[in-house]
Structure formats: structure tokens, C-alpha cells
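Note sheet for the following structure.
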Amino acid sequence: MLDPRIKLRHLRTFVEVARRGSVKQAADALAVTQPAVSKTLKELEEIAGARLLERGRAGAATTAVGETFLHYAASALASLVQGMDGIAQAKDQEQAILTVGALPSVAARIIPSAVERFKRATPEVAIRIVTGPNPYILDRLRNGELDLVVGRLGPQESMTGLSFNHLYSERVAVVVRPGHPLLTANDVTRIADYTVLFPDPGAAIRELSEQLLITSGVARLPDRIETVAATFGRAYLRKTDAVWFISYGVVALDIADGQLVELPLNIDQTLGPVGLTMRAEIAMTPPMTLFAGILRKIVDAAAP
């Protein structure tokens with residue numbers, strides 16, 4: 001059992017004298033006086049109940065017992081140093097990670113460019129991107145798992161304790177594969193004749209999509225799959241005549257590349273605010289400030 005009277009200074013002093021073979025040199029290395037070193041060694045030997053060092057004109061040398069104790073004392077000090085280094089590394093790693101939550105539409109549209117510029121400016125700071133539905137990433141932000149969120153403005157009850165800064169407005173897109181029959185039918189009410197990929201109840205664009213159906217004269221969707229999964233949506237539309245209601249940002253590149261085509265609907269009513277959400281009581285760190293500024297520049301540059 002470890003005697004509680006043994007302090008770190010006892011171990012450091014003993015190891016220093018034993019390694020250098022000199023009280024004077026140990027005192028210089030520890031930046032203390034020789035009498036202080038001698039006093040500390042005497043205390044340690046009294047606690048241990050054994051003579052650990054033989055001191056004389058030629059210097060200081062460990063006794064047989066002292067040699068055994070030296071092995072364990074040196075190991076204990078080395079372990080303490082490693083432990084403190086581990087704490088420092090963990091703190092550095094924690095401080096050097098920016099964790100960003102992003103809606104899939106944002107992750108596909110502006111986050112790649114923002115991350116590229118951020119890494120050019122601060123290569124030493126790691127960045128972690130977490131995607132998911134708006135309620136999911138807002139909950140993780142509120143719990144402190146995310147530093148900031150780039151997504152839609154949540155319902156009033158979900159924004160308690162959070163602050164929202166508007167970046168741009170995004171609409172819902174209704175897309176199909178190239179050559180889809182609805183592109184020449186001139187009758188959007190026939191959407192109901194096809195399988196529809198429709199936002200699930202937790203999606204930020206669910207209510208906007210429902211309003212769009214009503215104003216387009218579509219009363220109900222007898223055959224629908226509820227999802228906002230981008231990978232699934234792209235793959236499913238390549239194989240079928242399904243119609244997909246999704247945030248424009250998710251499919252903007254697919255539309256530009258001709259992989260998907262928008263149906264001619266009046267989508268102005270589906271515009272919704274997208275912005276930066278943060279915990280209101282948390283001050284922005286330099287990485288957060290830098291990333292927010294980069295996002296703002298990207299959005300401003302893309303504005304007509």
C-alpha cells in the first residue's frame with residue numbers, strides 16, 4: 001500500500017540524485033538548494049524505513065534497496081509524464097476538430113466547397129461533417145455533439161436555446177428521370193399515377209411538399225415511398241418512373257448534368273430559409289467564425 005506521505009517531490013529528488021550521482025547536480029537540475037535536496041532525501045528514507053543512498057565526498061550512490069526502489073520510482077514518474085502528455089494530446093485534438101451538422105441538400109450543394117476552402121485556410125484543424133434530417137441534427141447541436149448546423153429553420157418549439165442566421169432560401173424540386181412520360185403529358189395531376197418518393201414526417205420539407213401537392217391539384221398519393229434518402233432516390237429513379245419530391249440542393253448537380261429533370265410545377269411557394277444554427281449561449285470559436293464566413297462568401301457569390 002502506498003504511504004500517503006510520499007509526494008512527487010520525493011520521487012523526483014531521489015531519481016535525480018541517483019541518476020546524476022551528485023546532490024549538487026541534482027539540486028541544480030531541480031532548481032532548489034542542496035540543503036533542500038538533503039532534507040527531501042532524509043524524509044523519503046524515514047518514510048521508507050531504509051537507507052536508499054550512500055552519500056560521501058565522491059558523490060551519491062544507491063544502496064541495494066535504493067537500486068530496487070529507483071526502478072519503480074523512475075517508472076512511476078515516466079508513467080505520470082505519459083499520462084499528462086495524453087491529456088494534452090486529447091485536449092489538442094478536441095480543440096482542433098470542428099463538427100458541422102448539415103442537411104443532405106446542403107451537404108451536396110455548398111458544404112464541399114466550404115470544406116475545401118476551410119482546409120486550405122486551416123489545414124491543422126480537422127472537420128467532421130454529420131448529415132441527417134433537420135430534427136436529428138438540431139437535437140445533436142442542442143446536446144453539444146455539434147458545433148453548428150447548416151440547415152433549414154426549424155419549427156419555433158425546436159429552436160429554444162438556439163440562434164439562426166439566414167444564408168439563403170431553398171425550394172422543393174419535383175424530379176423524374178429523363179424521358180419520363182410526365183414531361184410531355186402537360187398534366188401534373190397525373191403525378192398520382194406513379195410511385196412517388198415523398199418526404200417522411202420528420203423531414204423539413206414535408207409540409208411544403210404537401211402544400212405543393214394541394215396547389216397542383218393532386219388530392220392524394222395512393223402509391224408512395226416516404227424517404228429523403230438521396231442515394232436511394234437517385235438509384236430508384238434510374239430504374240423506375242417514380243416521381244421524387246426533394247430539396248433542390250440534393251439534386252442540383254443531377255439536374256445540371258442532365259441525370260434528372262424537374263417537372264414544370266409552380267414551386268415558388270416551397271421556398272424555405274436555410275442558414276446557420278448555433279447554441280445561443282456558446283461563443284463562436286475561431287474555426288466556427290472562419291467556417292461561417294466561408295459559407296457566407298459562397299452563398300453571396302452564387303446569388304444572382
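Bear in mind these aren't lab numbers, they're just calculated from the coordinates by the rules spelled out. Note that the structure is predicted; figures quoted are calculated from it, not measured. Cβ placement follows ideal geometry from the backbone for every residue including glycine, while neighbour counts extend to all protein chains displayed.
Each principal axis of the Cα atoms in segment 105-207 has its own extent, and those three values, largest first, are 53, 36, 21 angstrom. To the nearest ten degrees, helix 34-48 and the longest principal axis of the Cα atoms of the chain are 80 degrees apart. DSSP beta bridges fully contained in segment 153-304 are about 75 percent antiparallel. Evaluated over the chain, the count of Lys pairs having alpha-carbon atoms less than 16 Å apart is 5 (only pairs 8 or more residues apart or interchain). Once the GluC sites (Glu not before Pro) in DSSP loops with at most 10 neighbouring Cβ atoms within 10 Å are cut out of the chain, the longest remaining piece is 125-280. When only the Cβ of Lys, Arg, Asp and Glu is charged (+1, +1, -1, -1), the dipole of segment 1-139 relative to its Cα centre reaches about 340 debye. Stretching the chain fully between H166 and S216 yields a gain of 15.1 nm (0.36 nm per residue, less the alpha carbon separation). For the chain, the mean residue ellipticity at 222 nm estimated from helices alone is -14500 deg cm²/dmol, where every DSSP H run of n ≥ 4 contributes -39500 (n - 2.57) and the total is divided by all residues, rounded to the nearest 500.
Here the label points at A121 and A76, each 7 Å from Cα along the C-beta direction, are separated by 5.0 nm in the simple model. Springs join every pair of Cα atoms under 10 Å in this Gaussian network model of the chain, and among T270, T289, T68 the largest mean-square fluctuation is at T68. Express as a percent, rounded to the nearest 5, the fraction of DSSP beta bridges in the chain (both residues included) that run antiparallel. Approximately 60 percent, going by the DSSP bridge assignments. Mind checking the angle between helix 64-95 and the chain's longest principal axis? C-alpha axes, 0 to 90 degrees, to the nearest 10. With both axes taken from Cα atoms, the answer is about 20 degrees.
Scaled to the globular estimate 2.2 N^0.38 Å, the Cα spread of segment 172-270, given as radius of gyration, is 0.95.
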